[in-house]
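A short worksheet on the structure shown next.
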């Protein structure tokens, strides 16, 4: 489990660095998303360590959902920043990818 968490954190750090280079305006929103995710995951892991060990498969189910409001809000802001940053590029791509006009109509 520790290895999996390390790999996830490594990928997040890679994307943080990439965004800081390629899209600095987006990077701060991604940083906020990462902070919210780490905060929530840290709380969940801490709570899990305080529980007795699971001995039955049926005990693996959470039973109740975690509050994801902070993560959802940060993700929405990050996606909005990404759309604003990519907007001109996406519009240009749409124009370039348009099929040529129908030659028969000319």
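The values are calculated or read from the model by the stated rules, or taken from the named source; none is laboratory data. The structure presented is a predicted model; accordingly, all values stated were derived computationally and were not measured. Glycine gets a Cβ as well: all are built from the backbone with ideal geometry, and neighbour counts include every protein chain shown.
Observations
- For segment 77-88, the criterion of being part of a loop (DSSP other than H, G, I, E, B) and within 20 Å of the chain's Cα centre (by Cα) is satisfied by no residue at all.
- Residue 21 surrounded by fewer than 13 Cβ atoms within 10 Å (Cβ to Cβ) and assigned to a loop (DSSP other than H, G, I, E, B): no
- Near pairs, Cβ below 8 angstrom, 6+ apart or cross-chain, from segment 45-57 (surrounded by 10 or more Cβ atoms within 10 Å (Cβ to Cβ)) to any residue that is modelled with pLDDT under 80 and part of a helix (DSSP H, G or I): 54/60
- Filter result for residue 11 (at pLDDT 85 or above, outside any loop (DSSP other than H, G, I, E, B) and within 12 Å of the chain's Cα centre (by Cα)): yes
- Search result, residues across segment 34-72 that are more than 27 Å from residue 19 (Cα to Cα), in contact with a helix residue (DSSP H, G or I) (Cβ under 9 Å, 6 or more places away or on another chain) and outside any loop (DSSP other than H, G, I, E, B): 45
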